[in-house]
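J.: This is the structure, below, for whatever I ask next.
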Amino acid sequence: MKNVRLFILAILGVCLSVLSSCSGKGGSDTLCDHKKAEAELFWNYMQKQDVPQVVDYRSAEDYAKGFIVGAKNIPVSVVELNGTNGDCEYVKKVMAVFDVNKPLFVYGGKDAFGTNGMAVPGQLACKFCSVTLLVGGYDAWVAAGLPTEK
């Protein structure tokens, strides 16, 4: 009976550590994990946050034409993505603005899965506790009729 209790406590401990992974020191330097979400699901994830952290990595010109409500524009260049495990210049710029212990939502243009598209969330996921990429980027968001700003 005592062994069963210890086993249950051990399982609970593991579950609690997994659930609290976003309240620690941020993402892992060895496990760079991120997820992708269609516009509606991305919006649902954002709504679960008190103040969602949203990064628009498109150009300043594209951002000026419209962006997801509350998004901050931090444009990315290929040069800034040089590095591994979140050690690139772009990640440092984003970390200076956002809390690594809270989920981060990122999007680009419709070609979000192009050259920079997958590198951005991958690099950020090495430092942030959770990173979600908007599938189809800003164009998919607009097509879904979700809120935007100018």
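Coordinate-derived values only; no laboratory data. In this text the structure is predicted, and so the values were computed from the model without any measurement. Heads up, the Cβs are rebuilt from the backbone with ideal geometry, glycines too, and the neighbour counts pull from every protein chain shown.
J.: With +1 assigned to the C-beta of every Lys and Arg and -1 to the C-beta of every Asp and Glu, and no other charges, what is the dipole magnitude of the stretch 24-149 about the Cα centre in debye, to the nearest 20?
T.: Working: 12 positive and 15 negative charges, 45 e Å.
That gives the stretch 24-149 a dipole magnitude of about 220 debye.
J.: Turning to a different aspect of this structure: Net charge near residue 83: determine it from the other residues with C-beta under 10 Å of the C-beta of residue 83, scoring Lys and Arg +1 and Asp and Glu -1. Walk me through the numbers on the way to the answer.
T.: Numbers: positive: 92; negative: 80, 87, 89.
Net charge in that neighbourhood comes out at -2.
J.: Can you list the lysines whose alpha carbon is less than 27 Å from that of residue 110, not counting same-chain residues fewer than 8 positions off?
T.: 35, 36, 48, 65, 72, 92, 93, 102, 127, 150
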